[in-house]
Amino acid sequence: MTDSDSAEELAKLIALRAFYDGQRARDGDYTLTDVARMAERRLAEMDATKENLRRRLFYLIVLAEACRFDRSAVYRNVAMSVHNNLSVSGENISPYPWYMTIVDATTCSPNSGNFGDITVAGSRTDEVDNPVRWEITAEGLEAPVSDVACDALGLSFRDITARPETIETPLAELSRLHLGSAS
């Protein structure tokens, strides 16, 4: 695996982590939203170094997903701006486009099965559809393999478990690490 491939996989994992944290916040873990807002605000006030911009982008993606049904456009627009600032500064790989790939994959589209349903008028809805895919192991047990978000990025749950530090650190602890070392 080249450095570029490794950086791209890390950007995918960061986008996936932000997506999952945003989902948990939307599903009722409001402390995640508070932590993400606080971290994003503090990082916005700091010098716009590449590292601070990367970290701020992560929290903006968490907030965009947490607010997916109401204010996501605000956070997505700021995230796109931060992504563009990173691109201008020479950062070629960012989690933002990968997050938008997840959004596209998990947004339900009208189809012939719901034709005429007034609740799906227009071309897309913001309903999240992220079912888990299962497989039967050699031992005959069912095991989760991936979900729609992973599939959209070409990842599996095995890829996630191969880099536990990216996914498993609690958001509050992660923000303390980010803000403690941000300059």
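If a residue has to be assigned to a helix (DSSP H, G or I) and either touching a residue at least 12 places away in the same chain (Cβ under 8 Å) or in contact with a helix residue (DSSP H, G or I) (Cβ under 7 Å, 6 or more places away or on another chain) (or both) to count, how many in segment 159-180 make the cut? Write out each step before concluding.
So in segment 159-180, the residues assigned to a helix (DSSP H, G or I) come out as 159-161, 164-167, 171-180.
Add one more test, that the residue is either touching a residue at least 12 places away in the same chain (Cβ under 8 Å) or in contact with a helix residue (DSSP H, G or I) (Cβ under 7 Å, 6 or more places away or on another chain) (or both), and what stays is 159-160, 166-167, 171-172, 175, 178-179.
Qualifying residue count for the region: 9.
Cβ-Cβ under 6 Å, sequence separation 6+ or interchain: first residue in segment 17-45 and farther than 20 Å from V78 by Cβ and basic (K, R), partner surrounded by fewer than 22 Cβ atoms within 10 Å (Cβ to Cβ) and at pLDDT below 90. Which pairs?
Filtered contacts from segment 17-45: no entries.
Between I61, I102, which is closer than 15 Å to G22 by Cα, surrounded by 13 or more Cβ atoms within 10 Å (Cβ to Cβ) and modelled with pLDDT of 95 or more? Steps first, please.
Numbers: I102 fails: modelled with pLDDT of 95 or more.
From the options I61, I102, the qualifying one is I61.
So which residues in segment 65-87 are under 12 Å from the mean Cα position of the chain (by Cα) and in a loop (DSSP other than H, G, I, E, B)? Outline the logic, then answer.
Step one: of segment 65-87, the residues under 12 Å from the mean Cα position of the chain (by Cα) are 65-66, 68, 76, 79.
Answer for segment 65-87, where residues must be under 12 Å from the mean Cα position of the chain (by Cα) and in a loop (DSSP other than H, G, I, E, B): just R68.
Identify, from the list G116, G90, G122, G140, the residue that is over 20 Å from S72 (Cα atoms) and either at pLDDT below 70 or in a helix (DSSP H, G or I) (or both). Write out each step before concluding.
Working: G90 fails: either at pLDDT below 70 or in a helix (DSSP H, G or I) (or both); G122 fails: over 20 Å from S72 (Cα atoms); G140 fails: either at pLDDT below 70 or in a helix (DSSP H, G or I) (or both).
None of the other options fit; the residue is G116.
I'm checking my understanding of the structure. Among residues of segment 13-33 that are of a type in the set (S, T, N, Q) and more than 18 Å from C150 (Cβ to Cβ), which one is surrounded by the most Cβ atoms within 10 Å (Cβ to Cβ)?
Of segment 13-33, the ones of a type in the set (S, T, N, Q) are 23, 31, 33.
Those still in the list that are more than 18 Å from C150 (Cβ to Cβ) too: 31, 33.
Numbers: T31: 13, T33: 19.
Filtering first and then ranking leaves T33.
Yes/no per residue for (1) outside any loop (DSSP other than H, G, I, E, B); (2) in contact with a helix residue (DSSP H, G or I) (Cβ under 8 Å, 6 or more places away or on another chain); (3) within 13 Å of Y99 (Cβ to Cβ):
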residue	(1), (2), (3)
D34	yes, no, no
A39	yes, yes, no
R56	yes, yes, no
Y59	yes, yes, yes
L63	yes, yes, yes
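The values are calculated or read from the model by the stated rules, or taken from the named source; none is laboratory data. Since the model is a prediction, treat every value here as computed from it, not as a measurement. Note that each Cβ is placed from the backbone with ideal geometry, even for glycine, and that neighbours are counted across all protein chains shown.
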